[in-house]
């Protein structure tokens with residue numbers, strides 16, 4: 001909720017009960033992308049927020065969910081969906097971390113090493 005509050009992202013009442021729902025987290029990432037595109041002067045702030053949110057939330061728990069679904073229902077549509085989402089999120093996080101350039105001209109990925 002701190003991420004949501006910091007960026008003034010308001011959940012509708014019907015979604016407020018599930019701030020960690022995957023669809024809500026993905027929508028928040030979309031919201032950060034929108035802010036980045038709308039505010040060039042603060043683009044770095046939104047890029048860093050996206051990478052941080054991905055690392056703390058999406059990339060942290062979605063691979064485990066994909067693994068659990070693979071173990072219980074490997075031939076299901078749910079596995080195919082979450083497997084694709086997981087692959088996208090991991091690739092997107094790697095891309096984000098490699099393209100964010102801070103003031104000292106290092107990428108986020110270099111700073112994390």
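The figures follow:
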| read-out | value |
| --- | --- |
| The lone exception for residue 40 - which of (1) under 25 Å from residue 101 (Cα atoms); (2) at pLDDT 90 or above it fails | (2) |
| Those residues of region 1-25 which are in a helix (DSSP H, G or I) and surrounded by 14 or more Cβ atoms within 10 Å (Cβ to Cβ), in sequence order | 3, 4, 22, 24, 25 |
| Cβ-Cβ under 6 Å pairs, at least 6 apart or on other chains, region 7-21 side within 25 Å of residue 38 (Cα to Cα), far side at pLDDT below 80 | 19/1 |
| Of the criteria (1) at pLDDT 95 or above; (2) surrounded by 15 or more Cβ atoms within 10 Å (Cβ to Cβ), which one residue 97 fails | (1) |
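The values are calculated or read from the model by the stated rules, or taken from the named source; none is laboratory data. Every value quoted in this text rests on a predicted model; they were computed, and no experiment measured them. Neighbour counts are summed over all protein chains in view; Cβ atoms, including those assigned to glycine, are modelled from backbone coordinates with ideal geometry.
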